[in-house]
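Every number here is computed from the coordinates shown, using simple stated rules; none is lab data. Keep in mind it's a predicted model, so treat the numbers as computed, not measured. Cβ atoms come from the backbone with ideal geometry, glycine included; neighbour counts cover every protein chain shown.
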Amino acid sequence: MKKCRSTKTAILGAAAAALLLAPGAARAHCDGIDGPVVQAARKALESDNVKLALIWVQPDAEPAVRSAFARTMSVRTTTPEAREFAEQYFFETVVRLHRAGEGEPYTGLKPAGRDLGPAIPAADKAIAGASTEALAKLLTAEVEAGLRERFKRVQAGRNFDPGDVPAGRSYVKAYVEFLHYVEGLHEAAAGLAGEGR
């Protein structure tokens, strides 16, 4: 029973992670001033090592990042204002090109300390702590809650009077939402399983 529960937790957690953390669906933190892309860009400037920022962009964006890095490094020692302006330019360049590499639009740098919801901080903690246990529990709970809520709506509307068209439509809406949720979870889990091969 314990093995079955851990397998269930792993599958639900993986599916939830895929749904909740996909680039377009998640509240991305890579565009935050306190996000990993800007942190890497900041370290690149501090250590005079552009390669620390290059890992966050696709190969075709490398020349633009190298150019922005060189420009930033050449003026950041002139005045405090020039330093701040040049660093901001470099951060924006790296984040913009990172987002483009994800196929996502760049909408500007976001302020530090934004509410990213529970999943992104939990994912970062999992990486830092080299354990997915807490993250899997969080995601599994969210998937199970979503599944139960949608299932409850289907069951509640299931025995509608065949002559009551609005009630029938309400049932169909709940049914379709439930199936799409289940299908999305399955596709995410199957996709993750395929990637691991």
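Things worth noting here:
- In this structure the amide hydrogen of residue 32, modeled in the peptide plane, comes within under 5 Å of the amide hydrogens of 110, none closer than 5 places in sequence on its chain.
- Whole-Hz couplings from phi, Karplus 6.51/-1.76/1.60, listed for region 157-164; x for Gly and Pro: x, 5, 9, 5, 5, x, x, 9
- Among the listed pairs 110/173; 51/137; 43/125; 43/110, those with a Cα-Cα distance over 30 Å are 110/173; 51/137.
- Karplus-based coupling profile of region 32-41, in residue order and whole Hz: x, 5, 9, x, x, 5, 5, 4, 5, 5, with θ = phi - 60° in 6.51 cos²θ - 1.76 cosθ + 1.60 and x standing for Gly or Pro.
- Karplus 3J(HN,Hα) series, Hz, for region 70-87 with 6.51 cos²θ - 1.76 cosθ + 1.60 (x for Gly, Pro): 4, 4, 4, 5, 6, 10, 6, 9, 6, 9, x, 5, 5, 4, 4, 5, 5, 5
- With a simple spin-label model that places each label point 7 Å from the Cα along the Cα-to-Cβ direction, the separation between residue 79 and residue 107 comes to 3.4 nm.
- For region 60-147: relative contact order, % (alpha-carbon pairs under 8 angstrom, 6 or more apart): 16
- Ascending count of other beta-carbon atoms within 10 Å, so fewest first, for 93, 77: 77, 93
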